[in-house]
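The values are calculated or read from the model by the stated rules, or taken from the named source; none is laboratory data. Keep in mind the model is a prediction, meaning the values are calculated, not measured. All Cβ positions, glycine included, derive from the backbone under ideal geometry; neighbour counts span all protein chains shown. The accessibility values were calculated without ligands, DNA or RNA, using every heavy atom of the protein model including side chains. Shrake-Rupley method; radii C 1.70, N 1.55, O 1.52, S 1.80 Å.
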Amino acid sequence: GGQRVERCRRHAGGHVGHIHEQGITTSGATVNASLVTGLQNLVGIAVSGSDIFLINYYPTGTVGEYTTSGATVNASLVTRLNGPEDVAVSGSSTTGTAPTITGVSLVSIPGTNNWQITINGSGFGTRSGYNNNDSPYLAIEDSTANFNAGYSGDAVTANVASWTDSQIVISGLAGAYGASGQVINTGDELAVDVRGVQTGLLAAVFNQAVPPVISGVSVVSLAGSSNNWQITINGSGFGTRSGYSNNDSTYLAIQDNTGHFTAGYLDDPVTANVSLWNNTQIVVSGRAGCVVAP
């Protein structure tokens with residue numbers, strides 16, 4: 001991410017048109033705060049004649065302070081900014097509706113350290129997918145591994161399989177992904193943001209932790225038992241905890257679709273004996289509790 005100046009020119013009749021150009025204010029211009037009511041991530045605005053300038057920092061941080069009506073513009077706050085995007089301002093509010101992100105899901109791509117990232121919500125606009133590229137309308141930040149991806153100028157790019165108004169599917173990260181520790185791992189904290197393609201408006205940043213990955217489950221019959229099993233779960237991102245006997249947990253769930261019962265999860269009558277739980281492996285050394293199912 002980075003700082004951006006966004007400029008909109010008011011046309012005759014009150015219509016506001018989109019233009020793609022960089023705007024730099026001069027010191028002494030005064031602010032009319034009513035023109036920017038409702039804008040998101042705003043940290044500075046300037047008005048000069050009929051031109052409206054918006055100064056945003058994305059995804060986090062500030063440039064100057066929030067301005068109020070009558071505030072005087074300090075041009076030094078904006079002359080170093082670049083990478084403008086367009087946004088429309090009309091009267092006392094922005095035109096269009098800002099995107100909303102309702103959920104972000106990550107699924108590990110087998111045999112790789114890469115992920116399919118699906119962003120659900122509304123107001124994303126529509127555009128064609130693309131491979132190994134950046135965009136001014138998408139940004140992903142991994143604050144744990146300390147890298148950004150997908151936004152204009154980021155070395156780590158995105159493969160976007162589809163982009164509709166309600167869903168964006170990223171089929172993996174590309175470019176410099178994997179180099180110099182720029183890898184998403186289970187447990188990493190991600191921040192995702194989307195700018196509406198047609199409206200130019202930003203969604204609120206959506207924060208998502210990367211979920212654990214189960215790479216395999218093995219089941220071995222316990223010696224001397226006709227209906228109990230040792231279940232070994234392999235993967236990553238499980239975290240660590242002590243083992244336990246004849247108990248349930250909010251972190252483990254086993255479902256037998258044939259026997260029509262669940263085990264090991266909170267308040268399940270069929271409990272679990274967990275002999276090992278580390279970040280890459282969980283060993284369930286048998287079911288316990290109400291063990292009546294085959």
Seminar exercise, completed: Exactly one of THR199, THR232, THR186, THR258 is of a type in the set (Val, Ile, Thr), in a loop (DSSP other than H, G, I, E, B) and under 25 Å from THR112 (Cα atoms), and that residue is THR186
Seminar exercise, completed: Residue hits (segment 108-133; on the phi < 0 side of the Ramachandran plot, open to solvent by 60 Å² or more (accessible area, probe 1.4 Å) and over 17 Å from the mean Cα position of the chain (by Cα)) are PRO110, THR112, ASN113, THR126, ARG127, SER128, ASN131, ASN133
Problem set entry | Those residues of segment 134-160 which are surrounded by fewer than 15 Cβ atoms within 10 Å (Cβ to Cβ) and under 22 Å from GLN198 (Cα atoms), in sequence order | GLY153
Exercise. Which one is modelled with the highest pLDDT among residues in segment 235-245 that are surrounded by 13 or more Cβ atoms within 10 Å (Cβ to Cβ) and in a strand (DSSP E or B)?
Worked result: TYR244
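Limited to segment 202-211, what total is found for residues that are assigned to a loop (DSSP other than H, G, I, E, B) and surrounded by fewer than 15 Cβ atoms within 10 Å (Cβ to Cβ)?
2
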Problem set entry | Matching residues in segment 212-221 - criterion: being open to solvent by less than 50 Å² (accessible area, probe 1.4 Å) and at pLDDT below 90 | VAL213
